[in-house]
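Quick notes on the structure that follows.
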Amino acid sequence: MPSEAKHPGICSMRPRWCATRTALAILACAAAFAQQPAQPPNGGMPRGMWAEPFTIPLWEHGAPGALGQAPEDQPMLMVYPPVDPDSTRTAVIVAPGGGYSGLAMSHEGRQPANWLNALGVTAFVLRYRLGPRYHHPTELGDAQRAIRLVRSRAAEFHIEPDRIGVMGFSAGGHLMSSAATHFDNGNPDAPDPVDRAGSRPDFAILIYPVIEMRPPYAHEGSVHSLLGENPDPKLLEYLSSDLQVTPQTPPTFLFSTSGDTGVPPENAVLFYLALHKAGVPAELHVFEKGPHGVGLDLGDPALGVWPTLLANWLRGRGLL
């Protein structure tokens, strides 16, 4: 998404926050050097030590509906283990944004995963299929499969099957809000054990999310990439997540900014209001300033507070 720009030169403008960012970078580098060799996908994760991130396919023998064998045709999970997964036994599946035509894997994938690791949370960054090569329901199917896969292998990852959340940025926020409003309990008779697991996330974290697929608040680029030209109005309604909330929608944390001109904050507000009306626990933070696509933005003295608010919300729900 072209509007996903970060603040330029923020360290030169705010030296004390530059020092904080430098300290965080040093800690991250130290952790990287302390990591152990990558673990095999079927070997589980070691306790009490660092493990390098490793990648697992969502489908071992190729994704259904794949149009080829290239990396963009085979959705994956990058697994980021924390130092001690048993400290929280909580997991979060992260969907980077990118307007359903790209993936902001750095500041909306790897960085949030490292931040979650610091809280003791096991992170999984989802590389889902994208438009215009793929359209709905492929992307939602990838997200649902990711949740089923993590849940079906919870013991291997040292997590609890009822402590699996989703986190999405921008268009990834739409994907994960769709997963939070379109789910099932799994098929107990499925030959694939992954398909026997339910796809409902236990909580959701939506960061400057695309929620609406209809004017005036829809992000047109995301709509076009996900649904193509002239989508059916009923499909637009089905994928407008605020219209799909029920009392079974999981508890949700939302963050946006009034200064976001890429994805208007009304998206997050509409989803919050729908959650509130349905009696679903929810927390919404709309900051006054800040462009679209800021990521964690830990170097900003104002916006950089939102990850702390999220950590407090997770802690208050007993997930940390």
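The values are calculated or read from the model by the stated rules, or taken from the named source; none is laboratory data. The shown structure was predicted, so the numbers you read here are calculated from the model rather than taken from an experiment. Because the Cβ atoms are built from the backbone with ideal geometry, glycine has one as well, and the counts that use them run over all protein chains shown.
What the table shows:
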| quantity | calculated |
| --- | --- |
| Residue that is surrounded by the fewest Cβ atoms within 10 Å (Cβ to Cβ) [pool: residues in the range 287-313 that are touching a helix residue (DSSP H, G or I) at 6+ places or on another chain (Cβ under 7 Å) and without any contact (Cβ under 8 Å) to a residue 60 or more places away in the chain] | 287 |
| Number of positions in the range 140-177 that are over 16 Å from residue 208 (Cβ atoms) and in a helix (DSSP H, G or I) | 13 |
| Among (1) over 22 Å from residue 172 (Cβ atoms); (2) in contact with a helix residue (DSSP H, G or I) (Cβ under 8 Å, 6 or more places away or on another chain) - the single one residue 316 does not satisfy | (2) |
| Selection from the range 121-142 of residues that are under 15 Å from residue 203 (Cα atoms) and either in contact with a Pro (Cβ under 9 Å, 6 or more places away or on another chain) or surrounded by fewer than 22 Cβ atoms within 10 Å (Cβ to Cβ) (or both) | 121, 122, 123 |
| Within the range 160-180, tally of residues that are closer than 27 Å to residue 296 by Cβ and surrounded by fewer than 24 Cβ atoms within 10 Å (Cβ to Cβ) | 3 |
| Where residue 104 falls short, out of the listed (1) assigned to a strand (DSSP E or B); (2) hydrophobic (A, V, I, L, M, F, W, C); (3) crowded, with 19+ Cβ neighbours inside 10 Å | (1) |
| Residue that is nearest to the chain's Cα centre (by Cα) [pool: residues in the range 268-303 that are closer than 20 Å to residue 168 by Cβ and small (Gly, Ala, Ser)] | 295 |
| Residue 175, sole failed condition from (1) at pLDDT 95 or above; (2) within 18 Å of residue 97 (Cβ to Cβ); (3) over 18 Å from the mean Cα position of the chain (by Cα) | (3) |
| Single residue of 206, 243, 298, 309 found to be of a type outside the set (S, T, N, Q), farther than 13 Å from residue 177 by Cβ and modelled with pLDDT of 95 or more | 309 |
| Top-ranked residue of the range 78-116 - restricted to ones that are at pLDDT below 95 and touching a Phe, Trp or Tyr at 6+ places or on another chain (Cβ under 7 Å), ranked as nearest to residue 174 (Cα to Cα) | 85 |
| Top-ranked residue of the range 49-77 - restricted to ones that are part of a loop (DSSP other than H, G, I, E, B) and polar (S, T, N, Q), ranked as modelled with the highest pLDDT | 74 |
| Output for the range 232-260, where each listed residue is surrounded by fewer than 17 Cβ atoms within 10 Å (Cβ to Cβ) and either in a loop (DSSP other than H, G, I, E, B) or in contact with a strand residue (DSSP E or B) (Cβ under 8 Å, 6 or more places away or on another chain) (or both) | 232, 246, 247, 248, 258, 259 |
| Condition broken by residue 263, with the remaining ones in (1) in a loop (DSSP other than H, G, I, E, B); (2) surrounded by fewer than 23 Cβ atoms within 10 Å (Cβ to Cβ); (3) in contact (Cβ under 8 Å) with a residue 40 or more places away in the chain; (4) not hydroxyl-bearing (Ser, Thr, Tyr) satisfied | (2) |
